[in-house]
Amino acid sequence: MARSKSRRAHKPKIKASASPSVTAPLLYDVDMTATAEAVYRELGRKAKEAEQRGDYTNSHITTFEMVKDVIKRVIPSDPLNRKYGLRGELSNIFRIRKGRMRICWIASSKMHRVLILFISETLRKEGDANDPYVILRNIMDSGNLDQYFSELGVRMARLRNPKLGRTQ
């Protein structure tokens, strides 16, 4: 039986394969947090401006097309692949790295849903305040992502509270 989902530019919904003779995996629905959606829209805006100028080799177009492909094709086809998994304080979160871009998400195999938590273009420099994983940890420490983990039934890793110097 086919599942059909509509497709939107900023919140891609992916169509599942309906052919009973093909054993293709069921694709996951993809949503984004407001923060990730804002970054996605900004990347799209910059790409569109470059296209309007006729600058089709602009890096903004390349970056947006890469991010769009990852969100619409790569992540929904295999979101729980261990090769994308983070470890330690960020376990149960997955990420794809393309150059300086980092796209982080959580997924529910029961609900067949993926939630893009974070899209970052900052350079990876361990320990730096702008390191994408430091930024993600700070967002998680703030509690702003707790509701998403709860909605999808994804266990949050025990984060270290830097103010108290111990795990929560």
State yes or no: is Gly153 more than 16 Å from Val39 (Cα to Cα), at pLDDT 85 or above and within 13 Å of the chain's Cα centre (by Cα)? no
Which one is farthest from the chain's Cα centre (by Cα) among residues in segment 23-77 that are polar (S, T, N, Q), under 17 Å from Gly99 (Cβ atoms) and in a helix (DSSP H, G or I)? Ser59
Output yes when any residue across segment 87-94 is of a type in the set (Asp, Glu), at pLDDT below 95 and part of a loop (DSSP other than H, G, I, E, B), and no when none is. no
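The values are calculated or read from the model by the stated rules, or taken from the named source; none is laboratory data. Keep in mind the model is a prediction, meaning the values are calculated, not measured. Every residue, glycine as well, gets a Cβ built from its backbone with ideal geometry; the counts of neighbours run over all protein chains shown.
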